[in-house]
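Below: the structure, in structure tokens.
The values are calculated or read from the model by the stated rules, or taken from the named source; none is laboratory data. Just so we're clear, the structure is a prediction, and the values are computed from it rather than from any experiment. Surface accessibility is based on the protein's heavy atoms, side chains included, excluding ligands, DNA and RNA. Shrake-Rupley method; radii C 1.70, N 1.55, O 1.52, S 1.80 Å.
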Amino acid sequence: MKSTWSHLFVTQDEGLLKHWQQALGKGSHTHTPLLDTVFTRPPVNPSIAWVDLSLPQRPDWTAPVWRKLLDGEHFRVVAASSNPRDEEAMAALDAGCAAYCHAYSDAKTLKQVREVVEAGHVWIGKALMQRLLRGINHVVATRAPPDPAWSEGLTQRETEVAILAANGASNLAIAQQCRISERTVKAHLSAIFGKLNITDRLQLALRVHGIH
């Protein structure tokens, strides 16, 4: 099924533009070197803007020009950095960006970002996710045990996978511990997210550990 989302590459770096086009398909995307184009003539159709964070004079995420776009239902922003930093990632995601990634990520990763964002979820890199999960687990160590009611509706195996994922285990580690394939782990996580009405591992960790 063809995606209903259009994609706009916002960068002045010809090398980066070529990288994105080769990774995601030149024919299915448009390009502008100026953020002002996005601010003054925002797309009418559901759109995802891949914004090169090295653009000169890029407004801060708290600027009013971003708010109208980031708060819109049919516009999403992928913040792409050539020098990723956790602090920069947190600022972008806190502002409402749908993803934060290395601008020169390989094609497989960029396609995963596109898939996640088009599905309405938030994508963040593995390193930042691990950091956030460690922070949650540090908080959990000082709290009373969570209410087990969070797992109502999940199967025993789904509960096991959810707990492992919430504690930072990778899909491979979960597969090895549960003696199942990584494909099955992904299927379980998809079912868990659907049943718990959540979209990612961070939300899962908060739910499992009783942090709201």
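Miscellaneous remarks
- Note on the chain: Kirkwood hydrodynamic radius from all Cα pairs is 18.6 Å, rounded to one decimal.
- The C-alpha atoms of the chain define a longest principal axis, and helix 156-166 lies at about 50 degrees to it.
- Once C-alpha pairs closer than 8 Å and six or more residues apart are averaged by separation and normalised to the residue number of the chain, the relative contact order reads 15 percent.
- With DNA, RNA and ligands ignored, accessible area of V116 (1.4 Å probe; Å², nearest 10): 40 Å²
- Shape analysis of region 1-78 places it in the oblate category; the axes a ≥ b ≥ c from the Cα gyration tensor give an a/c of at least 1.5, with a/b not above b/c.
- Taking each DSSP H run with n ≥ 4 as -39500 (n - 2.57) and averaging over every residue of the chain yields -14500 deg cm²/dmol at 222 nm.
- Heavy-atom accessible surface of region 31-88, averaged per residue, reaches 57 Å², computed with a 1.4 Å probe.
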